[in-house]
Amino acid sequence: MPVATDLVVSAVFWVLALSVVLKVDGASYRERPKSSDVLKGDTVTLHCTIDGLPPSEMVQWYGPPDMRHISSGNVIAKRFKGRYRILGDTSRGEHNLQILRAANSDEGDYRCSTLSLDETADATLTVVVPLSGPPDIIGDTAPRKAGQGLMLTCTSVGGRPPPRLTWYNGTRPYKLPDDAFKEGINKGEVMLNLVIPYLTKWDNGANLSCKANQGFPSLVKARTAVKVLNVRYPPTVTVTPKTSRVMEGESLNVTCHVDSNPPADVDWRKVGHALPFRVDNRGQVLHLDRVSSSDAGIYQCIAENGIPPDGYGTFKLEVLFTPRIRQTFDTKVSVLYGQDGFSLECVAEGNPRPQVRWRRQNTELYMGNPLVLSPVNYDVEGKYACVATSPGFASVDKETFIDVVGRPEVRDSSLSTLTIVEGGDATLICEVASDPVPDGITWFWRDSNGKETIYTAGITEHVAVREERTIKGVKSLLTVSTAALDQAGNYMCRASNMFGSDQKDFRLEVQDSHLTLIIVIAVTTVISLLAVIVGVCIVKKKGWICDDRDSETSSVSVSRPVPPVPGPDMVDREERDGKPEGLYEYDVNNGTLKPRPPPRLDKDPYSIGLSYPRLVNVLPSYATVERDQPKSPDPDLQPRPSGDGECAPSITELPPRHSGLFECKAVDNPSQRPPGYNEIHAF
């Protein structure tokens with residue numbers, strides 16, 4: 001017996017030692033059971049694999065309700081037999097629990113464990129019971145007017161787990177408050193309310209759907225119930241295009257787009273006018289054939305569907321057409337001569353709005369509208385065209401003739417003063433514009449003794465008067481042949497008609513032929529003197545006359561220039577190069593000759609009779625300026641010393657007033673210099 005006892009003790013010892021060794025090596029989970037879900041009536045398997053399990057230990061499964069013992073090793077408890085079983089290779093530690101025909105009672109927590117494991121592995125099994133059908137939508141879904149409110153309730157009964165309800169507008173979910181979800185009176189019933197306080201036309205036709213989702217998309221699909229809203233609202237009208245620009249003669253289609261529920265009846269009208277007879281009213285489409293300028297205006301589309309207010313839409317029709325000039329003036333317009341101003345307006349229509357201007361015939365000169373003529377004289381008489389121009393169209397015009405009528409107008413187109421040499425011929429020209437033509441043109445002459453003579457058309461001794469017709473009127477020419485000195489004096493040309501008269505004064509001067517000879521001799525003398533002065537200056541520049549002493553003591557100044565004596569070519573000329581010429585006079589500002597203006601007369605040009613007031617004194621044919629000593633030296637002309645005996649003024653850049661010839665004269669004693677000879681003279 002002691003030996004047997006020792007053997008038992010020894011065996012227990014080795015078993016305990018082996019268990020300690022295995023415990024030290026440790027059993028562990030290779031695969032833990034995972035939470036799963038299963039559709040009611042289907043099969044589900046919970047996996048559990050343990051490594052390092054001692055041969056004497058069994059794997060235990062526990063489950064609902066309350067972690068009851070299901071199996072030990074491969075042995076299944078009696079109450080679970082038939083639908084539960086262990087699968088897998090136990091030698092490899094596989095102990096998988098399979099449940100057939102899952103029932104609601106199978107739902108709960110499961111555990112796989114052994115004695116040698118300090119930890120346990122749990123998993124949850126969910127048994128899903130699908131919904132018997134889609135949820136129900138309860139509420140008044142009859143047609144409603146825009147502006148009213150709406151409340152709908154979505155109800156779902158059954159299903160495990162209970163579904164989550166969500167309202168959608170199309171694909172967009174509504175965000176509802178928490179109190180919108182409620183549980184029903186019946187077990188498993190859930191409800192969700194949708195409240196729309198204010199319906200708009202945009203809600204018409206909306207797909208309101210309620211979706212019931214149990215949250216297991218791999219097992220069951222969400223169920224949905226749908227309602228389509230019917231919201232009635234008044235017409236809203238949009239017309240395309242808003243504005244139409246159509247060329248005259250083209251056709252036009254305009255569409256009136258109406259949005260309403262129920263559909264609306266559409267009618268057309270033209271604001272302020274009746275519809276053109278060519279309009280084809282096709283409901284929402286307005287067709288206008290061969291548009292004319294009178295069709296332009298605002299058109300309106302009216303839509304009615306019984307729900308106020310009615311819908312209105314407008315569009316503007318612009319008709320593009322060529323300019324048209326209205327008949328606002330005659331082809332000939334008579335205007336009285338002498339008015340301060342006359343205007344003539346031209347009215348034109350067109351689209352685009354035309355630019356209206358006036359153009360005189362045979363010119364490219366454009367004037368504004370209205371045409372303003374100021375003052376009114378015979379120069380403005382002629383044809384004028386009103387021109388209307390619009391972009392994209394050819395310009396149009398309408399002509400009228402401006403006919404100026406009134407008293408004669410004597411043109412100031414010839415010289416008022418004429419100077420000739422005794423024995424020469426002189427012709428005075430009197431151009432008269434008049435409508436009607438003058439009754440006659442009369443010449444009056446008053447000689448130096450005050451005697452007055454009348455000349456009409458014809459020839460008298462030494463005087464011939466002839467008339468020529470011109471475009472504007474009449475030209476009268478008085479010619480004095482072989483003029484004598486006593487034929488000088490004042491001549492006047494007068495023209496008259498039924499409206500009045502006009503006149504022009506002339507001055508004829510006849511110079512003595514001996515005086516002409518004297519002038520020629522004087523001119524020759526001046527030219528010779530200038531040549532001598534130039535020669536003297538050249539000699540001085542060469543140093544042949546002046547020395548250093550002279551140049552140091554000499555002073556230089558400038559006197560005013562003296563004009564040349566006018567020659568015969570400066571008188572008795574009526575015209576050169578198209579410009580009238582008369583006597584010349586001296587310009588004291590710049591020392592040059594310029595044409596002398598005609599004398600001014602104090603006579604009233606419309607006085608009646610042959611008594612003329614005395615003419616003002618006529619300027620001489622030329623003038624001279626005394627060469628006074630300058631009060632102060634000119635800063636532009638100063639003498640400078642010269643080492644070579646030259647008398648040289650320091651002249652760099654002189655102003656135009658110093659142009660001319662210069663004379664240099666040297667005097668030994670400055671106090672003995674004759675006045676006027678120790679300066680530079682400009683001629």
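The values are calculated or read from the model by the stated rules, or taken from the named source; none is laboratory data. These figures come from a predicted structure and were not determined experimentally. Cβ: placed from backbone, ideal geometry, glycine included. Neighbour counts: every protein chain shown. Areas reflect the complete protein model, heavy atoms only, side chains present, ligands, DNA and RNA absent. Shrake-Rupley method; radii C 1.70, N 1.55, O 1.52, S 1.80 Å.
Worth a mention:
- Ordered from largest to smallest accessible area (heavy atoms of protein chains, 1.4 Å probe), the residues E364, E248 come out as E364, E248.
- Gain upon complete extension [L365, D267; 0.36 nm per residue less C-alpha separation]: 29.9 nm
- Estimated FRET transfer efficiency (D140, K221; beta-carbon r; R0 22 Å; 0.05): 0.15
- Maximal additional length on extending the V347-V539 stretch stands at 60.9 nm, based on 0.36 nm per residue less the C-alpha distance.
- Selection from S251, A303, Q327, by position along the positive dipole direction of segment 246-344 (Cβ): Q327
- Pairs of Cα atoms nearer than 8 Å and 6+ residues apart set the relative contact order; for segment 388-512 it is 33 percent.
- Rounded to the nearest 20 debye, dipole of segment 461-543 from Cβ charges on Lys, Arg, Asp, Glu: 640
- Counting protein heavy atoms only, segment 105-239 has 50 percent of its accessible area on carbon and sulfur, 1.4 angstrom probe.
- Note on exposure: L275, L336 ranked by accessible area (1.4 Å probe, complete protein assembly) read L336, L275, with the most exposed listed first.
- Accessible-area composition of segment 369-497, carbon plus sulfur, in percent [1.4 Å probe]: 50
- Dipole in debye (nearest 20) - segment 225-322, about Cα centre, beta carbon charges: Lys, Arg +1; Asp, Glu -1: 200
- Rounded accessible area per residue of segment 407-480, 1.4 Å, Å²: 49
- Within the shell defined by Cβ-Cβ distances under 15 Å, the residues around E304 carry a net charge of -2, with Lys and Arg each +1 and Asp and Glu each -1.
- W445, W202, W167, ranked by accessible area, largest first (probe 1.4 Å): W202, W445, W167
- Cα centre as origin, Lys/Arg/Asp/Glu Cβ charges: segment 38-182 dipole, Debye: 780
- Solvent-accessible surface (1.4 Å probe) assigned to K383 amounts to roughly 90 Å².
- A straight chain from Q300 to Y198 at 0.36 nm per residue would run longer than the Cα-Cα distance by 33.6 nm.
- Given a 1.4 Å probe and the protein chains as shown, E250 ends up with an accessible area of around 90 Å².
- The phi-based Karplus calculation (6.51 cos²θ - 1.76 cosθ + 1.60; θ = phi - 60°) puts the 3J(HN,Hα) values of segment 257-272 at 8, 10, 10, 7, 9, x, x, 9, 8, 10, 9, 10, 7, 9, 5, x Hz, whole numbers, x for Gly and Pro.
- Neighbour-limited loop hits for trypsin sites (Lys or Arg not before Pro), segment 450-501 (at most 16 other Cβ within 10 Å; DSSP other than H, G, I, E, B): K451
- Measuring with a 1.4 angstrom probe and ignoring ligands and nucleic acids, Y198 comes out at about 140 Å² accessible.
- Look at where the Cα atoms of segment 373-430 and of segment 73-129 average out, and the two centres are 129 Å apart.
- For segment 319-333, backbone nitrogen atoms closer than 12 Å to the point 7 Å from S293 Cα along Cα-to-C-beta are found at 319-327.
- Cross-link table K383/K472; K34/K78; K175/K227; K40/K81; K187/K211, entries beyond 22 Å C-alpha to C-alpha: K34/K78
- Measuring between alpha carbons in the structure, the pairs from K201/K242; K451/K504; K182/K221; K201/K221 lying more than 29 angstrom apart are K201/K221.
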